[in-house]
Amino acid sequence: MTYGATTFSIRPPTPRAGLAYPAPMSDLGRTLIVIGLVMALVGVALVAAGRVPWIGRLPGDISIQRGNWTFYAPLGTSILLSVVLTLVLWLIGRR
């Protein structure tokens, strides 16, 4: 393409010496694998949490039953889970 006395060339960028650009599909594949692993870990955690008898019955968990109506707010369990996840992610992030 020519504009006045200057010539412009439109071509894709070339990788610098020793560097290669990853294919977009391989990035998508890696992302899907990571999402799948995270979902599997969450599933295992949910199955394991059902086997721990004190989860959902901590001090601070609110449970109200009136006839055929039930209200449940797991505040104590939520706080404990938040503290544990915060510590785990903090330890992972320190690397």
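A short reminder: the numbers here are calculations on the coordinates, not readings from a lab. Please read these numbers as outputs of a predicted model, since none were measured by experiment.
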- Estimated vicinal HN-Hα couplings, Hz - region 58-75 in sequence order (Karplus 6.51, -1.76, 1.60; Gly, Pro = x): 7, x, x, 6, 9, 9, 10, 10, 9, x, 9, 10, 10, 10, 9, 10, x, 5
- Message: Please compute the length gained on full extension between SER82 and THR31, using 0.36 nm multiplied by the number of residues separating them and subtracting their Cα-Cα distance.
- Response: 15.8 nm
- Task: For region 21-95, just list the percent of Cα-Cα distances falling in each 5 Å bin from zero outward, please.
- Result: 3, 12, 11, 17, 17, 13, 9, 7, 5, 3, 2, 1, 0
- Note on the structure: Given backbone amide H placed at 1.01 Å from N, residues whose amide H is under 5 Å from that of LEU58, ignoring those fewer than 5 places away on the same chain, are THR77
- Note on the structure: In order over region 51-56: 3J(HN,Hα) from phi, Karplus 6.51/-1.76/1.60, θ = phi - 60°, whole Hz, x for each Gly or Pro, gives 8, 8, x, 8, 5, x
